[in-house]
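These notes concern the structure reproduced below.
The values are calculated or read from the model by the stated rules, or taken from the named source; none is laboratory data. Values in this document were obtained by computation on a predicted structure and should not be read as measured data. When we count neighbours, we look across all protein chains shown, and the Cβ atoms used for this are built from the backbone with ideal geometry, even at glycine.
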Amino acid sequence: MFSEQICEVEAGEVRYVLRKNEKEAARERHRLEDKLKKLAGKITSRNEQVKTKPRCQPEAGRRTVQQWAERHKLNGLVELQLEGRTLVLRRHEEKSSGLSSWRAAT
């Protein structure tokens, strides 16, 4: 029926046949990269602000950026750490590379 690899899942009495939608997977990858790029920009601007203003509290900035990452569903893919007064972004490549779009075949 399908030329690509499919996956079957049973949930109770219902059987789902799933297949990967390449167009949607590409769109999701693009959206993720855009979110990560925007997050990196926020971190850079926050680090500049902390560098130029001695009264800025780096921990408060980390909390703000962390909340933004959680709101955009990046909390399992990235980790924000403070190194001195600098906010550092660490990506979990193994988690972000496993993302793909699977849709039910009809």
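Here are some notes:
- Single unsatisfied condition, Ala104 versus (1) touching a strand residue (DSSP E or B) at 6+ places or on another chain (Cβ under 8 Å); (2) surrounded by 11 or more Cβ atoms within 10 Å (Cβ to Cβ); (3) hydrophobic (A, V, I, L, M, F, W, C); (4) at pLDDT below 90: (2)
- Criterion: farther than 28 Å from Glu28 by Cα and either exposed (fewer than 11 other Cβ atoms within 10 Å of the Cβ) or within 17 Å of the chain's Cα centre (by Cα) (or both) - qualifying residue of Glu83, Glu70: Glu83
- Selection of first residues in segment 50-74 that are within 21 Å of Lys37 (Cα to Cα) and of second residues that are in a loop (DSSP other than H, G, I, E, B) and at pLDDT below 90, restricted to Cβ pairs under 9 Å at least 6 apart or on distinct chains, gives the following pairs, ordered by first then second residue: Gln66/Asn75; Ala69/Asn75.
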